[in-house]
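Peer 1: My questions all concern the structure below.
The values are calculated or read from the model by the stated rules, or taken from the named source; none is laboratory data. It should be emphasised that the depicted structure is a prediction, and the values quoted were computed from it without experimental measurement. Here Cβ is always computed from backbone atoms with ideal geometry, including for glycine, and neighbour counts include all displayed protein chains.
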Amino acid sequence: MTKPSANEARNIAGFIEEDAQIEGITIINGEVSIDGVKIPHGQKKYRSAKSGKTYRIEWGSDNNVSVEEQ
């Protein structure tokens, strides 16, 4: 995939640029990222270095996942 020029933006479903500044929780196709950090499948807790918040992660079947701030 080619990068857009400096004056161009794209909106592609299910895709986040590597250099995007993300804050918060994203879940795409069963993959979880918190504050831009990809969380390994099966990890049950995560503390964000960016926000200092702690999250509880529940992994289900068929790419189902639940994330809750503690």
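Peer 1: Given the conditions (1) under 17 Å from E69 (Cα atoms); (2) modelled with pLDDT of 90 or more; (3) assigned to a loop (DSSP other than H, G, I, E, B); (4) touching a strand residue (DSSP E or B) at 6+ places or on another chain (Cβ under 7 Å), which single one is not true for H41?
Peer 2: Only one criterion in (1) under 17 Å from E69 (Cα atoms); (2) modelled with pLDDT of 90 or more; (3) assigned to a loop (DSSP other than H, G, I, E, B); (4) touching a strand residue (DSSP E or B) at 6+ places or on another chain (Cβ under 7 Å) is unmet by H41, namely (1).
Peer 1: How many residues, within segment 50-66, are assigned to a strand (DSSP E or B), loosely packed, with under 12 Cβ neighbours inside 10 Å and of a type outside the set (S, T, Y)?
Peer 2: Number of matching residues: 1.
Peer 1: Consider segment 44-58. How many of its residues are of a type in the set (S, T, Y) and at pLDDT below 95?
Peer 2: Of the residues in segment 44-58, 1 are of a type in the set (S, T, Y) and at pLDDT below 95.
Peer 1: Could you give me the residue pairs with C-beta distances under 9 Å whose first residue belongs to segment 11-32 and is closer than 26 Å to S61 by Cα and at pLDDT below 80, whose second residue is loosely packed, with under 10 Cβ neighbours inside 10 Å and not β-branched (V, I, T) wherever it lies, and which are 6+ apart or on separate chains?
Peer 2: Hits for this filter: I12/M1; G14/N29; F15/M1.
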